[in-house]
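Any read-out appearing in this document is the output of simple, stated calculations on the displayed coordinates, not a laboratory observation. In this text the structure is predicted, and so the values were computed from the model without any measurement. Neighbour counts run over all protein chains shown; Cβ positions are idealised from the backbone, glycine included.
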Amino acid sequence: MTLSLSLLVAVNILVYAAANTTSPPTIALTLIPPSPVTDRITLDVRGALRNLTSEPRKYDVAVYLDREEPGARLHQQRLEAAPGEAKGLRLRWPTRERAGKHRILLVAKAGDQTLRDECPLEILATGQRSTRRLGGAWVDIYHHDPQTGAAFTAELGKMTDDQWRELVRAMHDVDQNILVITMMFQNFTHRGKHKIETEGYQGKAYYPSRLYPGRMPIASPDALEAILSEADHLGMQVMPGVGCYAFFDFTPGALRWCKQVADELWQRYGHHPSFYGWYVSAEKDGGLGDTEERDEIVSFFREFTPYVRRLAPDKPVMLAPNCFNLRGAEESYKKLLAHVDILCPFGYHRMPPTDLRGEEAATLMLSLCDEAGCHLWMDVESFDFAKSGALVPRPIDGLISDFTRFPNFEKILHYEFPGMMSGPEMSRQPGGPASMKLYKDYREYLKTLR
């Protein structure tokens, strides 16, 4: 007899909790997007409860704004969790006319036990969805392409755990509190260009994986642990990149691989409060490819997202395609976005000449996301291409132009912090003086908003 998938996950949670003092929290609260937000969005409030006991439990759960009393209650319900099971709740709450500093409180009662978690929430009155500032960034532990990463990859490889913590603090100092780890394995190949199914996976991990023996030759033995532990201390959010199996690859083989990696990442790092969600690293053209590829990516997320929600019901799943070639892919997006929590496209300022204008592409993406209940974030490019093809820091005027041109993204991230920005206190500065300049220029821009 085989166990059902939900029961198998529950058993795995119990076994993991019994064997580890660093088991996932019994209660967790996640805001999508995290603070700060504007007064023109609908906030996604998600909670998770984990029954780490050997008996079924019933929880009376409530969500409050600012204070734990009946008049401030936004939501209440009862959740029942089997032994080892994680159950979730979801509330969508409009922020209009709520400008100011707040707290969202999650309270769960089961018998004589009361569990609590909370998140700070600052709501800005901007008159638009956008905060007009960087909320976070992608973080390469090592860059996948020697040519595009030529200006900073060698320095990334030398980063120690303490230097990764310095980088996290530098991001926090300019309110870039979301870290998207680009990928946790390096395997620079593409859909249709590999033989993984027949020859095995040859990628190398950036962390002490038990799945595959290969390791990237970097100084830090576990950069993700250093990043998460520092982010815990500072109240930041980290999304580990589930990848890279192969770029643009959402085949059944990629799905199986991503499930395995997600399981291991959650078992190793799910106890960290800063573990915010899942970024699927494979990327994709905005048109989603041909008919076969479109069917593949829809099937991938239709199965992957419920799978990781059994591990962590409150944690969002994010996809970051470019924004090119959207026309003709609308029906596929309607199917896809039902299973994606955050869409974070890039490239609006450099649309192909025969394509939509950037503003038109952004408007189309917004309408598709709104229809599906998916969150639309922006991946602004903080790099330019040097003549050699290497990525180099983009002048601050380019970033500010994008903040102004595209007001409908509820959170703005950038690709990427290391190599494009370096804080003055960082003892190792990938990208050199140019990265320091962009950091300082952005810090001055941020002062004008504050």
Inset, instruction - For the chain, set up a Gaussian network in which alpha carbons nearer than 10 Å are linked by springs, and say which option among THR404, THR26, THR153 fluctuates the most. - result: THR404
Inset, instruction - From zero up to wherever the largest Cα-Cα distance of region 373-450 sits, split into 5 Å bins and tell me the percent of pairs in each. - result: 3, 14, 23, 24, 18, 11, 5, 1, 0
Legend entry - Debye log10 I(q)/I(0) at q = 0.21 Å⁻¹ for region 25-124, Cα point scatterers: -1.01
Legend entry - Set of lysines near LYS411 by C-alpha distance (under 17 Å), chain-local residues within fewer than 8 positions excluded: LYS315
Legend entry - Whole-Hz ³J(HN,Hα) from phi, Karplus 6.51 cos²θ - 1.76 cosθ + 1.60, for region 141-150, glycine and proline x: 6, 7, 8, 6, 10, x, 6, 6, x, 4
Legend entry - Within a Gaussian network of the chain (alpha carbon springs, distance under 10 Å), most fluctuating of HIS143, HIS233, HIS271: HIS233
Inset, instruction - With viscosity set to 0.692 mPa s and temperature to 37 °C, compute the Stokes-Einstein D of region 136-449, Rh being the Kirkwood radius across alpha carbon pairs; µm²/s, no decimals. - result: 167
Inset, instruction - Using the 2.2 N^0.38 Å rule of thumb for compact globular proteins, work out how region 132-214 stacks up: its C-alpha Rg over that value, please. - result: 1.30
Inset, instruction - Please build a GNM for the chain, connecting alpha carbons under 10 Å apart, and tell me which residue among SER281, SER401, SER35 fluctuates the most. - result: SER401
Legend entry - Amide H within-cut-off set for ARG215, under 5 Å, with H built and near neighbours excluded: ALA205
Inset, instruction - Taking Cβ-Cβ under 4.7 Å as the only way to count a partner, pick out the unpartnered cysteines of the chain. - result: CYS119, CYS244, CYS258, CYS323, CYS344
Legend entry - Inter-label distance for GLN147 and LEU449, nm, one decimal - labels placed 7 Å from Cα along Cα-to-Cβ: 3.4
Inset, instruction - State, to one decimal in nm, how far the label point of GLU118 lies from the label point of GLN260, with both points 7 Å from Cα in the Cβ direction. - result: 4.4
Inset, instruction - Evaluate the relative contact order of region 379-426 (contact order divided by residue number), counting alpha-carbon pairs under 8 angstrom at least 6 apart; express in whole percent. - result: 48
